[in-house]
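This report concerns only the one structure given below.
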Amino acid sequence: METGILADLVITKVYSAFTLYSPAGKRSRKADRSRWAIVIKYEGKTLYTSGDISFQSDKQHLVVLPKGCTYEWQCTQAGHFYIIEFDSLKAYPAPLTFFVKNSDRILKIFKELEYVRNLNHPMMEMESIRAVYSILLLLADTEEYFPSDKQKKIVPALDYISENYNKKITNDDLAAVTGLSTVYFRKLFAQMMHMSPMTYVHEMRIQKAKDMLKSDYGTLADVARALGYSGIYDFSRDFKKHTGISPSKY
């Protein structure tokens, strides 16, 4: 799983690529991040905290913030940073940090991508996706640092949910793929993800539903069927429960 976190990403869209400045002392918290991001702090330092781990971001420590992760950050030394935000169906519960011995090559890709997007080049979206893949390929050759052992234990369950969200899933199923008892698995999952396993499953289904409804995938019945619901009524009820509106209005 560890080497496949980035290798399996299928990038669907690049939303932004820009430079920002953080003054010392600035801090923020992000819960259940909705998109992936790649951040390189080429000036100054920022401290990231997720669960029971903390790590520093600077010119030699690039950070990947996966969709679905929750974290806090605090700028400990003022400076500029590049950030690229993109989307993929895959999610991961915690930030990743990579030690980059020579960051100049990655910084060059960042700068070129920002320039292309500022020009609104006709091939901007394709060039953007290519640039993100180029960065991910470079990161695959670096030393990767992963979250705590506790977080690693639930990764097989996250993979299972990602591959089987349109089928019936139980806590026993998820506990089995992690090799943990159901009671301990549920407690650990809630501790790491800040929600129960079944809530996570439902939220993933709803997010998939949102993506399908924004596209020309098909009718509501098609969407409900693709997500594993027995019918439109069950799908509509679940969707409204989580979003506050019906799928047809969405």
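Things worth noting here:
- Some residue of the range 95-118 being open to solvent by 10 Å² or more (accessible area, probe 1.4 Å), on the phi > 0 side of the Ramachandran plot, out of contact with any helix residue (DSSP H, G or I) (no Cβ under 9 Å at 6 or more places or on another chain) and without any contact (Cβ under 8 Å) to a residue 60 or more places away in the chain: no
- Those residues of the range 186-197 which are open to solvent by less than 50 Å² (accessible area, probe 1.4 Å) and touching a residue at least 24 places away in the same chain (Cβ under 8 Å), in sequence order: Leu188, Phe189, Met192, Met193, Pro197
- Lys150 in contact with a helix residue (DSSP H, G or I) (Cβ under 7 Å, 6 or more places away or on another chain), on the phi < 0 side of the Ramachandran plot, among the charged types (D, E, K, R) and not in a strand (DSSP E or B): yes
- Candidates Ala7, Ala78, Ala24 - the one that is open to solvent by 50 Å² or more (accessible area, probe 1.4 Å), aliphatic (A, V, I, L, M) and at pLDDT 90 or above: Ala24
- Restricting Lys150, Lys167 to residues that are of a type in the set (Lys, Arg), touching an Asp or Glu at 6+ places or on another chain (Cβ under 8 Å) and within 21 Å of Phe185 (Cα to Cα) narrows the list to Lys150.
- From Ala176, Ala157, residue being part of a helix (DSSP H, G or I), of a type in the set (Gly, Ala, Ser) and either touching a Pro at 6+ places or on another chain (Cβ under 6 Å) or touching a residue at least 40 places away in the same chain (Cβ under 8 Å) (or both): Ala157
- The range 32-47 residues that are crowded, with 21+ Cβ neighbours inside 10 Å, paired with ones that are not hydrophobic (A, V, I, L, M, F, W, C) (beta carbon under 6 Å, 6 or more apart): Trp36/Pro66; Trp36/Lys67; Trp36/Ser88; Ile40/Tyr82; Lys41/Ser57; Lys41/Asp58; Thr46/Ser57
- The conditions of being part of a loop (DSSP other than H, G, I, E, B) and either without any contact (Cβ under 8 Å) to a residue 12 or more places away in the chain or open to solvent by 10 Å² or more (accessible area, probe 1.4 Å) (or both) are met by Pro122.
- Top-ranked residue of the range 198-244 - restricted to ones that are touching a helix residue (DSSP H, G or I) at 6+ places or on another chain (Cβ under 7 Å) and not in a helix (DSSP H, G or I), ranked as least open to solvent (accessible area, probe 1.4 Å): Leu227
- Some residue of the range 129-146 being under 19 Å from the mean Cα position of the chain (by Cα), buried (at least 17 other Cβ atoms within 10 Å of the Cβ) and over 26 Å from Val63 (Cα atoms): no
The values are calculated or read from the model by the stated rules, or taken from the named source; none is laboratory data. Computed from a prediction, not measured in an experiment: that's the story for all the values here. FYI the Cβ positions are ideal-geometry reconstructions off the backbone, even for glycines, and counts take in every protein chain you see. Accessible surface areas use protein heavy atoms only, side chains included; no ligands, DNA or RNA. Shrake-Rupley method; radii C 1.70, N 1.55, O 1.52, S 1.80 Å.
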